[in-house]
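Only one structure is covered here, and it is reproduced in the block below.
The values are calculated or read from the model by the stated rules, or taken from the named source; none is laboratory data. The shown structure was predicted, so the numbers you read here are calculated from the model rather than taken from an experiment. So basically every Cβ, Gly included, is an ideal-geometry build from the backbone, and we count neighbours across all protein chains shown.
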Amino acid sequence: MSSGVPPYIVWKSEYSVREPTLDAQHQEIFQIINTLYGQIRSGVTDEEFYELVEKAKGFADRHFRTEERVMYDCGFPELDNHERAHRRYVEKVVALTPTKPRDSDERAYDLLSFLKQWWKNHVKRMDQKYVSYLQHLHHPVKAVGGDD
Ligand SMILES: [Fe+2]
Ligand SMILES: [Fe+2]
């Protein structure tokens, strides 16, 4: 975490899906959004910026794959709709990622603002819909993909 910069996106207990692996992934994503914000505020190089954006994309991808597997395994009926929301997010992030080299911070802030709103709303509303189905899981949740 960068020093002296207030968090841009703040985790709240109401965002919890009451499953530790998924909560940890959500919190990790919140943290990388804050890191990205802190870096842009304090003057980030293009190299650092694109590295962080790629990291955020990787986190989100692993989280979506984990969550989609969980929703499938517990028989969540709105899986298709939820998967579509994840796909739309991925497309939007690609569209909002500033082209290289960055000409200004403006587009970076547009991307950040989208990330903040999307994750807050998605975790608070859409992800909450599968919570009551988690009791049907027969095994602990394991993160899918990635090794870092
Ligand atoms: Fe989700
Ligand atoms: Fe999620």
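At a glance:
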| quantity | calculated |
| --- | --- |
| Hits in region 106-148 - residues which are modelled with pLDDT of 95 or more, of a type in the set (Val, Ile, Thr) and farther than 18 Å from residue 85 by Cβ | none |
| In region 18-52, residue nearest to the chain's Cα centre (by Cα) [restricted to those that are β-branched (Val, Ile, Thr) and under 21 Å from residue 143 (Cβ atoms)] | 29 |
| Any hit, region 90-107, residues being surrounded by fewer than 14 Cβ atoms within 10 Å (Cβ to Cβ), away from ligand 2 (no atom under 16 Å from the Cβ), within 30 Å of residue 139 (Cβ to Cβ) and not polar (S, T, N, Q) | no |
| Residue in region 56-65 that is within 16 Å of ligand 2 (Cβ to nearest atom), at pLDDT 95 or above, closer than 21 Å to residue 27 by Cβ and of a type in the set (Phe, Trp, Tyr) present | yes |
| Number of positions in region 85-104 that are among the charged types (D, E, K, R) and over 15 Å from the mean Cα position of the chain (by Cα) | 3 |
| Answer from 84, 69 - the residue that is surrounded by fewer than 18 Cβ atoms within 10 Å (Cβ to Cβ), closer than 20 Å to residue 21 by Cβ and of a type in the set (D, E, K, R) | 69 |
| Where residue 50 falls short, out of the listed (1) surrounded by 15 or more Cβ atoms within 10 Å (Cβ to Cβ); (2) among the aromatic types (Phe, Trp, Tyr); (3) closer than 24 Å to residue 10 by Cβ; (4) away from ligand 2 (no atom under 14 Å from the Cβ) | (3) |
| Any hit, region 4-12, residues being surrounded by 13 or more Cβ atoms within 10 Å (Cβ to Cβ) and over 30 Å from residue 103 (Cα atoms) | yes |
| Residue in region 51-61 that is out of contact with any strand residue (DSSP E or B) (no Cβ under 6 Å at 6 or more places or on another chain), among the aliphatic types (A, V, I, L, M) and within 16 Å of ligand 1 (Cβ to nearest atom) present | yes |
| Subset tally (residues that are in contact (Cβ under 8 Å) with a residue 12 or more places away in the chain and more than 11 Å from ligand 1 (Cβ to nearest atom)) for region 125-134 | 3 |
| Test set (1) in contact (Cβ under 8 Å) with a residue 24 or more places away in the chain; (2) more than 15 Å from ligand 1 (Cβ to nearest atom); (3) among the aliphatic types (A, V, I, L, M) - residue 95 fails condition number | (1) |
